[in-house]
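I am attaching a structure below and will ask some questions about it afterwards.
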């Protein structure tokens with residue numbers, strides 16, 4: 001299994017039990033079975049947290065944060081060298097997308113990984129990064 005980066009959309013769909021939740025669950029199980037964690041940008045982690053806190057309150061957001069910490073998901077920070085931040089800035093400048101989405105795409109590009117998403121904002125990056133489209 002090639003390295004995979006989850007964007008906020010994918011994990012929120014999983015926690016909201018949306019149509020593609022089982023596909024995300026399968027990817028999480030594969031990561032656990034192979035001992036190869038999925039990647040998640042710290043910026044995307046923050047987006048998940050604030051989205052859940054706004055929708056359901058702090059307790060919900062904290063419960064999900066605790067659950068994510070138990071999953072085979074590695075949270076990746078921006079880094080002092082700003083390499084990921086520069087890639088994200090370039091994506092954000094060139095395309096109409098959220099900053100969190102730009103960080104997910106930048107992490108995928110930097111790690112030569114496949115981005116897992118169903119968010120149509122990423123269509124503009126088809127061909128620039130590998131994308132695993134959730135359905």
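The values are calculated or read from the model by the stated rules, or taken from the named source; none is laboratory data. Since the model is a prediction, treat every value here as computed from it, not as a measurement. Cβ coordinates were reconstructed from backbone atoms using ideal geometry, including for glycine residues, and neighbour counts include every protein chain displayed.
Residues 78, 60: which one is modelled with pLDDT under 95, more than 10 Å from the chain's Cα centre (by Cα) and surrounded by fewer than 18 Cβ atoms within 10 Å (Cβ to Cβ)?
Going through 78, 60 in turn, just one is modelled with pLDDT under 95, more than 10 Å from the chain's Cα centre (by Cα) and surrounded by fewer than 18 Cβ atoms within 10 Å (Cβ to Cβ): 78.
Give 133, 45 a once-over and let me know the one that is under 24 Å from residue 28 (Cα atoms), crowded, with 17+ Cβ neighbours inside 10 Å and either over 15 Å from the mean Cα position of the chain (by Cα) or modelled with pLDDT of 95 or more (or both).
Selected residue: 45, the only one of 133, 45 that is under 24 Å from residue 28 (Cα atoms), crowded, with 17+ Cβ neighbours inside 10 Å and either over 15 Å from the mean Cα position of the chain (by Cα) or modelled with pLDDT of 95 or more (or both).
Looking only at residues that are in contact with a helix residue (DSSP H, G or I) (Cβ under 8 Å, 6 or more places away or on another chain), surrounded by fewer than 20 Cβ atoms within 10 Å (Cβ to Cβ) and part of a loop (DSSP other than H, G, I, E, B) in region 1-17, which one is modelled with the highest pLDDT?
3
For residues that are closer than 24 Å to residue 26 by Cβ and more than 13 Å from the chain's Cα centre (by Cα), tally how many sit in region 93-108.
Here the count works out to 0.
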